[in-house]
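What follows is a single structure, written as structure tokens, with notes after it.
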Amino acid sequence: MNPLILTSFTATSCIGRGLAQTLDSLLAERSGLSLCKFETVDLDTRVGEVEGVDDQRLPAHLARFDCRNNRLAELAIRQDEFDRSVAEAADRWGRRRLGVFLGTSTAGILQTEVAYRRRDPGSGALPADFHYAGTHNSFSVADYLRRRLGLEGPAAVVSCACASSAKVFAAARRMMEAGLIDAALVGGVDSLCLTTLYGFHSLQLCSRAPCRPFDVARDGISIGEAAAFALLERAPEEPGRDDVLVLGIGESNDAYHMSAPHPEGHGARRAMQAALSDAGLEPAAIDYINLHGTGTPSNDRSESQAVTSVFGPTTPCSSTKGATGHTLGAAGALEAVISALALRNGIIPGGVPTANVDPTLTALYLKKNRKAPLQRVLSNSFGFGGTNCSLILGRNG
Amino acid sequence: MSIAAYIDGIGFLGPGFSDWPRAREVLAGRRPYEPAPAVLPVPSLLPPTERRRVGRVVRLALAVASEAAAQAGVAPAELKSVFSSSGGDGHNCHEICRALAEESREISPTRFANSVHNAAAGYWSIATGATPASTVLCAYDASFGAGLLEALAQVTVDQEPLLLIAYDTEYPEPLNSKRPIPDAFGVSFVLTPRQTTGSLTRIEAKLAGASIDPLTDPRLESLRVSIPAARSLPLLRQIALGSPGCVVLEYLDVSNISVQVVPCA
């Protein structure tokens with residue numbers, strides 16, 4: 001592929017608002033997971049909740065978009081002057097030449113869950129103040145941000161479960177290569193809600209402890225929430241030293257099971273191979289793999305096999321979900337931003353809070369931070385329905 | 001800048017429409033439109049245990065995808081796909097929200113797994129063994145336009161055939177009052193980068209400020225505006241007519257999509 005540049009990027013999750021706090025947490029090997037006290041949820045589990053989301057106000061003329069998911073989006077675009085970078089790009093290219101491609105799995109469905117408790121006892125009708133289009137519908141987060149930032153190019157939400165916001169990079173790249181746009185706002189936003197908390201609980205996939213990816217005692221995920229964004233443009237001929245580029249994207253389907261990965265990771269392997277081929281790179285060119293690494297026994301086993309089959313057992317890997325929680329539809333973008341921070345700061349983030357790596361998993365899992373002059377990082381995102389996406393980010397040189 | 005592809009197969013299902021050959025007669029004006037509730041076939045692609053479990057949205061998507069692939073004579077397992085829907089499985093969503101509003105908050109694991117927006121794409125890939133990339137979009141009322149742009153951009157950039165499926169089904173009450181979609185409507189195209197012996201028509205699309213083309217039949221026009229996937233109807237009508245022409249399809253509030261249609265000889 002023709003490389004793209006991340007002109008600007010930012011992330012907000014339970015380990016920090018914006019890049020500086022996020023990097024500090026990674027350097028300190030800190031997890032942001034805490035006992036679940038979210039809303040009225042009575043589950044014995046840990047979550048990665050972002051503090052202060054509900055204090056965030058939206059502009060009055062966009063009140064119909066008011067919900068936790070869009071508040072989180074608003075909070076996040078205010079970090080790292082990201083909203084200003086987007087405005088500058090819109091000035092540079094024209095607002096019709098900027099696309100908006102965002103990933104989410106549940107958007108503002110919390111609004112509907114709460115509205116169902118407030119149904120009219122007689123008619124069963126939802127309350128008058130419930131706005132479906134601006135909150136519940138998957139497109140709401142893209143529609144909110146395109147209005148908030150005044151963007152008029154093509155826009156869509158990619159909703160492929162937990163691969164959603166990795167796949168938005170592919171959507172933006174195709175639109176750019178087809179000549180329909182010159183720049184794109186990409187990213188992912190997913191916020192805590194009852195559907196995912198009780199849903200993953202019903203599948204017995206939630207850990208009571210903070211999730212421990214690749215640990216011998218791993219027993220499930222911890223759900224988190226995040227908003228992470230990047231402004232993508234075509235890479236210049238000679239990128240600067242600190243510039244972070246998208247070098248390759250690979251997508252595949254397991255075609256195996258709705259809620260379980262292929263046991264040998266065949267789909268994951270194909271996504272990683274496709275990303276390498278897209279970037280024109282050999283496996284040895286990858287210095288670090290940010291794993292999907294959810295912390296369920298089967299997911300990690302499947303991914304470890306896939307990684308080892310492509311890279312062998314010596315490429316350093318870790319999952320940052322023990323720090324951030326599994327942020328579902330936002331995970332791809334959040335982990336792309338974490339990968340960009342890793343590249344810029346020459347650090348492989350340790351996969352906390354994993355204590356004892358499962359000896360049957362052959363991928364080289366790092367528990368502690370390691371300094372390394374990273375040039376290229378691969379980030380994996382896989383989702384329900386067997387949908388897979390791998391991104392390769394890199395620096396010049 | 002424009003993006004283009006050949007259409008090698010069409011799948012079509014909606015209120016009063018059971019398949020593309022019959023819909024073509026109606027859209028071309030050779031037979032009258034007779035509105036009737038959409039009949040969604042049991043998905044024979046799926047194993048018997050799963051046929052009962054999947055909702056209307058999966059039945060609809062699988063039906064139109066199967067029809068388009070069969071007409072094009074291509075193996076579904078080889079095709080990349082773009083799915084686009086404004087809302088996923090409304091009945092399943094209602095059952096989850098209803099259960100979460102009760103004291104016990106017990107939701108079924110199958111319901112939860114089926115609640116993802118990419119459920120239809122997942123069932124399709126599992127049933128057909130399709131491992132190439134697939135993506136699933138939502139753009140509210142602009143979902144058909146978003147799917148068409150994504151699909152044509154993919155075919156233009158990657159030069160590989162692809163299956164586009166746009167589909168919507170209704171919510172039950174009380175969500176239906178907030179998002180009134182009257183019935184199921186789905187359309188599917190097999191798109192190829194180069195003309196084949198089976199190519200039906202060539203389409204070339206670009207973003208346009210021009211105003212949209214409504215349909216002259218008031219009942220078809222009412223269908224077009226009430227179901228997001230039915231925003232495709234002016235394009236389908238032009239294809240049904242079998243003559244070259246340009247149609248403007250509704251997309252976002254700030255732009256529409258102009259499509260040039262040229263039938264293959």
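The values are calculated or read from the model by the stated rules, or taken from the named source; none is laboratory data. Keep in mind the model is a prediction, meaning the values are calculated, not measured. Cβ sites come from the backbone with ideal geometry, for glycine too, and all protein chains shown count toward neighbours.
Within segment A:89-110, residues that are more than 19 Å from A:Phe384 (Cα to Cα) reach partners that are among the β-branched types (Val, Ile, Thr) and crowded, with 20+ Cβ neighbours inside 10 Å with beta carbons closer than 7 Å, at six or more positions or on different chains, in the pairs A:Arg97/A:Ile181; A:Leu98/A:Ile181; A:Gly99/A:Ile181; A:Phe101/A:Val158; A:Phe101/A:Val168; A:Phe101/A:Val186; A:Gly108/A:Thr135.
Taking the residues in segment B:150-202 that are among the small types (Gly, Ala, Ser) and more than 25 Å from A:Tyr132 (Cα to Cα) as candidates, determine which candidate is farthest from the other protein chains (Cβ to nearest Cβ). Going through the qualifying residues, I end up with B:Gly198. B:Ala77 - would you say it is within 7 Å of chain A (Cβ to nearest Cβ) and touching a residue at least 12 places away in the same chain (Cβ under 8 Å)? No, not satisfied.
Being at the interface with another protein chain (Cβ under 7 Å from one of its Cβ atoms), within 19 Å of B:Leu13 (Cβ to Cβ) and among the aliphatic types (A, V, I, L, M) narrows it down to one residue among B:Ala130, B:Ala139, B:Ala121; which is it?
The conditions single out B:Ala121.
One residue alone among A:Gly187, A:Gly240, A:Gly224, A:Gly248 is more than 10 Å from every other protein chain (Cβ to nearest Cβ), within 29 Å of A:Val100 (Cα to Cα) and surrounded by fewer than 19 Cβ atoms within 10 Å (Cβ to Cβ), and that residue is A:Gly240. Being touching a Cys at 6+ places or on another chain (Cβ under 9 Å), within 30 Å of B:Leu207 (Cβ to Cβ), at pLDDT 95 or above and of a type in the set (Gly, Ala, Ser) is a property that B:Ala139 lacks. Checking B:Ala208, B:Ala151, B:Ala142 one by one, the residue that is under 16 Å from B:Leu233 (Cα atoms) and not hydroxyl-bearing (Ser, Thr, Tyr) is B:Ala142 and no other. Restricting attention to segment A:1-36, the residues that are in a loop (DSSP other than H, G, I, E, B) and free of Cβ contacts under 8 Å to residues at least 12 places away in the same chain add up to 1. Only residues that are within 24 Å of B:Ser199 (Cβ to Cβ) and among the charged types (D, E, K, R) were counted in segment B:41-71, giving 1.
Can you name the residue in segment A:1-56 that is in contact with a strand residue (DSSP E or B) (Cβ under 7 Å, 6 or more places away or on another chain) and small (Gly, Ala, Ser) and is also nearest to A:Arg92 (Cα to Cα) among such residues? Selected residue: A:Ser8. If only residues of segment B:90-105 that are charged (D, E, K, R) and within 7 Å of another protein chain (Cβ to nearest Cβ) are counted, the one that is farthest from the chain's Cα centre (by Cα) is B:Arg105.
Where in segment A:215-315 are the strands (runs of 3 or more DSSP E), entirely inside, with at least 1 residues that are polar (S, T, N, Q)? Fully inside segment A:215-315 and qualifying: A:245-253, A:288-290. Just one residue in the set B:Val262, B:Val190 is crowded, with 23+ Cβ neighbours inside 10 Å and modelled with pLDDT of 95 or more; that residue is B:Val190. Select from segment A:106-136 the residues that are at the interface with chain B (Cβ under 7 Å from one of its Cβ atoms), more than 14 Å from A:Asp66 (Cβ to Cβ) and assigned to a loop (DSSP other than H, G, I, E, B) and list them in ascending order. Matches in segment A:106-136: A:Arg119, A:Gly124, A:Ala125, A:Leu126.
Listed by position, the helices (runs of 4 or more DSSP H) contained in segment B:24-130 that have at least 2 residues being surrounded by fewer than 15 Cβ atoms within 10 Å (Cβ to Cβ), of a type outside the set (Asp, Glu) and modelled with pLDDT under 95 are B:48-53.
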